[in-house]
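Notes follow the structure.
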Amino acid sequence: MSFYQIWIRSFCDGNGDGIGDLYGVYDKLEYIKSLGVDGIWFSPIYPSPNADYGYDISDYKDIHPDYGTLDQFRKVLDRAHELGLKVLLDLVINHTSDEHKWFIESCKGKDNPYSDYYIWRDPRFKGEEKLPPNNWYSQFEGLAWEYNEQRGQYYLHVFAKKQPDLNMDNPKVREEVKSIMRFWLDMGVDGFREDVINFISKVPELPNGWSFVPAINGLPFYKDGPNLHKYLEEFREVAKEYGAVQIGEAPFTSVKTALTYISGKNRVLDMLIEFDTMFADCFMTEYVHHGFRLRKLKRAFRRWQYGLQGKAWFALYLENHDHPRVVSRYGSLSHWRASGSMLAACYILQRGTPFLYQGQELGMTNIALNSIDKYIDVAAKNAYNTFFLKDSVERRLERIHVSTRDSARTPVQWTDGPNAGFTTGKPWFYVNPNYTSVNAEREDRDPLSILNFYRRCLALRKSSETLLWGTYREYFQGSRKVFMYERKYKSERILVICSFNKESMSYRLPKGYDPSKGQLLLDNYIAEKDIEAAARGNASAGEKGGAEETHPHKSSTAGVMRRLKPYEVQVWKF
Ligand code: GLC
Ligand code: CA
């Protein structure tokens, strides 16, 4: 299978209030189906004060009024199922909103039934001075502790202040989680993407941290905590009753640790969303940017592909709502179409289940806003006010421009009409001005568009046992220009050759490949209808398909060296 991720607020507005909603989703279900995916993962659609745009939930068993009602959700679910699309929801149980009923009650005092739903600690005192219980920083906003006057204690928040961490050690909280799962599974939902799932069990003593990166100094005490397995086993039991899939998001996880969750018969999760592939242009977080390094990306792919091979199944992705747009990061805006399409084949044809994020299939790019006040993400604002304070305002804004999650949250570009066809009203957030050329309507008509290339990749993957089940092997690991991998199944081998080079270049086939053989299956410079002719060696076919110079695939007797255009991808079957 493969999945399409919806971040609903910016997906499609159906009622003209400027905010994406379930009406909009309903209208676009056929479009989603047309991509060739098998399901949808919804980022949170529950009531939320939006301190973290849905990841701060104030009611787990309802729909945010901005997006619709439970009835409308049922309609979307049923229609998706009719079309053969599975539906996954986001299960965010590390924390709630501070406006959730449980938290409001919990603040009232220690004898309240919700008292132990959160992680409360007394202040430390230094003389008269009141200090937080330990030295942890949050990942989003200052210290990880906030004092609550009413209760006279501090609560822990690993993310924003308005996201208090739940106390998963309390069996009542785990019962609530199971009840939330059942609520949606009973309705017919097919599974969950589980938010920061490796953070839900904390070391009870909550000792001081020592990391030199403040935002993660508490990490060793809340990541992969002592009871994580036990809790995940409990949740697994519920999922099993329904045959539901569980995909865990797990920041900062190694392959070795991942395997303890996703391998073997008693695995507690089906797949895991790792972060290594997100750091090919930065150090640990996008806010510490260093420019794209292909070898770093290849290392990340290699680590996970080889590490999981034969043991576990992988979740493949290059974009989601938490990261800037991948064409802007790992591709090239001057070779927008070629790099945007090459990046599709570069990950979709690897071993695993591909996820694509709304707008990724159109090659949407990062947005540059001219003031920090125009950005909306709590993490971006915090980074702006924390890092590189000695730089000029312009330089600091440039940093936000390359790093912010907001770039993934601009309205999806459907047409070249007003507001990119996202809404008939006033869009809640800035539309990227490049919508006049980057939009679904236009790309749908263009056989060489990024959109149509995503469709071709997904269809090819679906039609090939080798691409679905074959083993993975990488060649020319040291190359700074080419990423080349093989999928092998029974006697068939498929070679995926991706250029990350702005210039045309030549390449060699790996040892053991007969250059006089090979059938071209896919190429981002050759349209679908011309691929067979090109595969037979008819060079002019490529030209008709829109390539700007005679296509380099000579007849199958061509010499050992082959050619790649800028950001070209070729997929060959041997
Ligand atoms: C996950 C979500 C992200 C959110 C964070 C806290 O990383 O994907 O959007 O901000 O968890 O819930
Ligand atoms: Ca709306």
**Request:** Answer yes or no: is there a residue in region 256-265 that is more than 16 Å from ligand 2 (Cβ to nearest atom), charged (D, E, K, R), exposed (fewer than 15 other Cβ atoms within 10 Å of the Cβ) and not in a helix (DSSP H, G or I).
**Result:** yes
**Fill in**
Inside region 239-253, the number of residues satisfying the requirement of being open to solvent by less than 10 Å² (accessible area, probe 1.4 Å) and either closer than 14 Å to GLY188 by Cα or within 16 Å of ligand 2 (Cβ to nearest atom) (or both) is 1
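Return the total of residues in region 181-206 being buried (at least 16 other Cβ atoms within 10 Å of the Cβ), more than 26 Å from THR257 (Cβ to Cβ) and either within 16 Å of ligand 1 (Cβ to nearest atom) or of a type in the set (Gly, Ala, Ser) (or both).
First, pick out the residues of region 181-206 that are buried (at least 16 other Cβ atoms within 10 Å of the Cβ): 181, 184-185, 189-202, 206.
Going one step further and asking which of them are more than 26 Å from THR257 (Cβ to Cβ), we end up with 184-185, 189-190.
When the remaining residues are screened for being either within 16 Å of ligand 1 (Cβ to nearest atom) or of a type in the set (Gly, Ala, Ser) (or both), the result is none.
Of the residues in that region, 0 qualify.
Only residues that are of a type in the set (Phe, Trp, Tyr) and assigned to a loop (DSSP other than H, G, I, E, B): list them for region 190-221, please.
Correct list: TRP210, PHE212.
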**Message:** Show the residue pairs meeting these rules: Cβ distance below 7 Å; 6+ apart or different chains; first residue within region 497-516 and farther than 11 Å from HIS335 by Cβ; second residue modelled with pLDDT of 95 or more and small (Gly, Ala, Ser).
**Reply:** CYS498/ALA345; MET505/SER499
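For the structure I just gave you, tell me whether TYR137 is in contact with a Phe, Trp or Tyr (Cβ under 9 Å, 6 or more places away or on another chain), open to solvent by 30 Å² or more (accessible area, probe 1.4 Å) and within 23 Å of ASN50 (Cα to Cα). Give the derivation first.
On the way: in contact with a Phe, Trp or Tyr (Cβ under 9 Å, 6 or more places away or on another chain): no; open to solvent by 30 Å² or more (accessible area, probe 1.4 Å): yes; within 23 Å of ASN50 (Cα to Cα): yes.
No: the conditions fail for TYR137.
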**Asked** Is it the case that some residue within region 69-85 is part of a loop (DSSP other than H, G, I, E, B), modelled with pLDDT of 95 or more and either touching a Cys at 6+ places or on another chain (Cβ under 7 Å) or within 16 Å of ligand 2 (Cβ to nearest atom) (or both)?
**Response** yes
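Could we say that PHE183 is assigned to a helix (DSSP H, G or I) and touching a strand residue (DSSP E or B) at 6+ places or on another chain (Cβ under 9 Å) here?
When the stated conditions are applied, PHE183 does not pass them.
Out of everything in region 29-40 that is assigned to a helix (DSSP H, G or I), in contact with a helix residue (DSSP H, G or I) (Cβ under 9 Å, 6 or more places away or on another chain) and not polar (S, T, N, Q), what residue ends up being most open to solvent (accessible area, probe 1.4 Å)? Quick ask: steps written out before the conclusion?
Looking only at region 29-40, we keep the residues that are assigned to a helix (DSSP H, G or I), and these are 29-35.
Among the residues that remain, those that are also in contact with a helix residue (DSSP H, G or I) (Cβ under 9 Å, 6 or more places away or on another chain) are: 29, 31-35.
In the following step, the residues that additionally are not polar (S, T, N, Q) were identified as 29, 31-33, 35.
Numbers: LEU29: 0, TYR31: 36, ILE32: 0, LYS33: 80, LEU35: 3 Å².
In this case the residue turns out to be LYS33.
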**Asked** So which residues in region 222-235 are under 23 Å from the mean Cα position of the chain (by Cα) and not in a helix (DSSP H, G or I)?
**Response** LYS223, ASP224
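Any idea how many residues of region 14-27 are surrounded by fewer than 21 Cβ atoms within 10 Å (Cβ to Cβ) and either within 16 Å of ligand 1 (Cβ to nearest atom) or assigned to a helix (DSSP H, G or I) (or both)?
Of all residues in region 14-27, those surrounded by fewer than 21 Cβ atoms within 10 Å (Cβ to Cβ) come to 15-18, 23, 26-27.
With either within 16 Å of ligand 1 (Cβ to nearest atom) or assigned to a helix (DSSP H, G or I) (or both) added as a condition, the list becomes 23, 26-27.
Number of matching residues: 3.
Can you tell me which residue is farthest from ligand 2 (Cβ to nearest atom) among those in region 1-13 that are assigned to a strand (DSSP E or B) and in contact with a helix residue (DSSP H, G or I) (Cβ under 8 Å, 6 or more places away or on another chain)? Can you show your working first?
First, pick out the residues of region 1-13 that are assigned to a strand (DSSP E or B): 3-6.
Now restrict to residues that are in contact with a helix residue (DSSP H, G or I) (Cβ under 8 Å, 6 or more places away or on another chain): 4, 6.
Details: TYR4: 20, ILE6: 14 Å.
By that ranking, first place goes to TYR4.
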**Request:** Determine which single condition LYS311 fails, assuming it passes every other condition in (1) within 20 Å of ALA380 (Cβ to Cβ); (2) in contact with a helix residue (DSSP H, G or I) (Cβ under 9 Å, 6 or more places away or on another chain).
**Result:** (1)
**Request:** Mind listing whichever residues of region 98-113 are in a helix (DSSP H, G or I), closer than 17 Å to ALA160 by Cα and not aromatic (Phe, Trp, Tyr)?
**Result:** ILE104
**Asked** Out of all the residues in region 74-116, which are touching a helix residue (DSSP H, G or I) at 6+ places or on another chain (Cβ under 6 Å) and open to solvent by 10 Å² or more (accessible area, probe 1.4 Å)?
**Response** ARG79, LEU83, TRP102, ASN112, TYR114
**Asked** Which one of the conditions (1) open to solvent by less than 40 Å² (accessible area, probe 1.4 Å); (2) farther than 24 Å from ASN170 by Cβ; (3) not β-branched (Val, Ile, Thr) does PHE235 fail to meet, given that it meets all the rest?
**Response** (2)
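The values are calculated or read from the model by the stated rules, or taken from the named source; none is laboratory data. Values in this document were obtained by computation on a predicted structure and should not be read as measured data. We place every Cβ from the backbone using ideal geometry, glycine too, and count neighbours over all the protein chains shown. Accessible surface areas use protein heavy atoms only, side chains included; no ligands, DNA or RNA. Shrake-Rupley method; radii C 1.70, N 1.55, O 1.52, S 1.80 Å.
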